[in-house]
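I have placed the structure first, in the form of structure tokens, so that the comments after it can refer back to it.
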Amino acid sequence: MRLSNDLRLQAQTLIAGRLGLDFSKGRQADLERGLVQACRISSVSAPETYLAWLATLPDESAEWRRLASHLTVGETYFFRDRALFEALEQHVLPSLIEACRAQEILRLRLWSAGSATGEEPYSLAILLDRLLPDLANWALTILATDINPDALETARRGCYREWSFRETPQRIRDRYFQRRSAETFEVDPAIRGMVTFAPLNLVEESYPAMVTNTIAMDLILCRNVLMYFTREAQRASVIRLQRALVTGGWLVVSPAEASTDLLHPLAPVNFAGAILYRKEPTSVAPLAPTWQPEIVLPELDDTLPFAYSSGDLVTPPLPVTSPDITSDLQRAKVLADQGRLEEAHELCEAALARDRLDPETHLLLASVCHERGDIPAALEALRRAVYLAPDSASAHFLLGSLLLRQGQRKRGRRSMETVVSLLSSVPRDEPVAGGDGLTAGRLLETARAYLELPS
């Protein structure tokens, strides 16, 4: 099936405006092929009718997401770009690990943005396993996101053919992969358990945000993604990726995407055969905590949802800025965005010492605990947030994503279904409470993307 010149131009303009994808400069054949494939599996047969239908749908709809998966290339393999992974293994990750040890905070957060079928995030997990003899003592986040639900499901399964190993040393294959058939190799379960997969469209404004677990990152790999975007979409995405980094964090793009102008103010750092970009410290003064006197509160009895025992508990002094809970929450969020999770955690606890029944504080505490790697504490805080505010879509979404990560697929999907139910009648452009600026439409379609993944 061939598209007329007018229809191709119409598709190019619509897709650039909605998905930020650039199909000029000789990429018209890719546009036509992807559009025809998406049209064939949709409920609309004719391309011109399909385009007209797409134009009526919001950007974050499932059909736009499916079309994007047909228009983007997911080709990847383990340890793709040997020079880059040598720089990561020999310089970047050791420096991050050393800084964590010096601060006595054993936590690292890595993000493979545009992870395709999962070879890249699993490669990062293997590097960390090799570099951390005390791996069990670390709170590690390796987030892997992609717009394509089929690619995410392939990644979750962790089974690959010979072609995915064309730059993988034999010693790595022997240590971290098990043969499942004559042509299939499975990633070691321990390595698979280190990676969290989630749907996310990099051209949407759903990051950085606590609700999507995309803040306070030490390292972001976003390779061979920006090259498909329009210039405007590239700039918007890079700004969001920079905000997702902690000070001293690293952004990795492909050589074809590397541009000092585009990535400014990140500083280029040269390694043998690779250039990485680092978020340097700014002149902004750090937040300085103040202190408050001891607070005497009833002790929480965890055997009931929010009943208190008759005993008294003296809470030690915690850093706060004022007795106003809202101010504490704002300050805690700023600290969390900066990666100062211990301080953010203390502020959340200080706020809860004054009011145990505030659902927004429990929600923020859950996000902070999640980023610190304390999943049981995050789940407990989310259960309390949901108990106190059963109509909180953000709380149900975070609870669902964590349950899915823990392998509790049935309960996780039920939480995502609750998000869909809560937001289906909400105006799409209305901000969601506790969603870091996410609109109802964005969070709704992200929840639907989770539900599209096979159970």
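The values are calculated or read from the model by the stated rules, or taken from the named source; none is laboratory data. What you see is a predicted model, and the numbers here were worked out from it, not measured in a lab. Counting neighbours? That spans all protein chains shown, and the Cβs are built from the backbone with ideal geometry, glycine included.
General remarks:
- Any chance Arg171 is outside any strand (DSSP E or B) and over 19 Å from the mean Cα position of the chain (by Cα): yes
- The listed residues are Val246, Val334, and the only one of them that is among the β-branched types (Val, Ile, Thr) and modelled with pLDDT under 90 turns out to be Val334.
- Exclusive hit being of a type outside the set (Phe, Trp, Tyr) and modelled with pLDDT under 95, set Met217, Met227, Met194: Met227
- Evaluating Tyr308 against the criteria (1) in contact with an Asp or Glu (Cβ under 7 Å, 6 or more places away or on another chain); (2) modelled with pLDDT of 90 or more; (3) surrounded by fewer than 19 Cβ atoms within 10 Å (Cβ to Cβ) leaves one unmet condition, (2).
- Elements of type helices (runs of 4 or more DSSP H) contained in the stretch 328-398, each with 2 or more residues being touching a Cys at 6+ places or on another chain (Cβ under 8 Å), among the hydrophobic types (A, V, I, L, M, F, W, C) and crowded, with 24+ Cβ neighbours inside 10 Å: 359-372
- Counting only strands (runs of 3 or more DSSP E) wholly contained in the stretch 176-250, the ones carrying 3 or more residues that are under 11 Å from the mean Cα position of the chain (by Cα) occupy 195-199.
- Condition check for Ser401: modelled with pLDDT of 90 or more, buried (at least 21 other Cβ atoms within 10 Å of the Cβ), in contact with a strand residue (DSSP E or B) (Cβ under 8 Å, 6 or more places away or on another chain) and under 30 Å from Thr154 (Cβ atoms): yes
- Of all residues in the stretch 125-176, exactly one satisfies the criterion of being of a type in the set (Val, Ile, Thr), under 18 Å from Tyr77 (Cβ atoms) and in contact with a Leu (Cβ under 9 Å, 6 or more places away or on another chain), namely Ile142.
- Residue within the stretch 67-79 that is buried (at least 19 other Cβ atoms within 10 Å of the Cβ) and on the phi > 0 side of the Ramachandran plot present: yes
- Matching residues in the stretch 120-153 - criterion: being charged (D, E, K, R) and surrounded by fewer than 24 Cβ atoms within 10 Å (Cβ to Cβ): Asp129, Arg130, Asp134, Asp150, Glu153
- Test: Glu63 is out of contact with any strand residue (DSSP E or B) (no Cβ under 8 Å at 6 or more places or on another chain) and part of a loop (DSSP other than H, G, I, E, B): no
- Among the residues listed as Arg156, Arg161, the single one being within 19 Å of the chain's Cα centre (by Cα), surrounded by fewer than 20 Cβ atoms within 10 Å (Cβ to Cβ) and not acidic (Asp, Glu): Arg156
- The stretch 395-410, residues that are within 21 Å of the chain's Cα centre (by Cα) and not small (Gly, Ala, Ser): His396, Phe397, Leu398, Leu399, Leu402, Leu403, Leu404, Arg405, Gln406, Gln408, Arg409
- Considering only residues in the stretch 162-192 that are polar (S, T, N, Q) and without any contact (Cβ under 8 Å) to a residue 60 or more places away in the chain, the one that is nearest to Leu84 (Cα to Cα) turns out to be Gln170.
- Considering (1) crowded, with 22+ Cβ neighbours inside 10 Å; (2) in a helix (DSSP H, G or I), the lone condition that Gly435 does not fulfil carries the number (2).
- Filtered residues of the stretch 396-410 (kept if touching a residue at least 40 places away in the same chain (Cβ under 8 Å) and closer than 16 Å to Pro359 by Cβ): Phe397, Leu398
- Members of the stretch 40-52 found to be in a helix (DSSP H, G or I) and farther than 15 Å from Ala62 by Cβ, listed by number: Arg40, Pro47, Glu48, Thr49, Leu51, Ala52
- Selection from the stretch 399-432 of residues that are among the hydroxyl-bearing types (Ser, Thr, Tyr) and part of a loop (DSSP other than H, G, I, E, B): Ser424, Ser425
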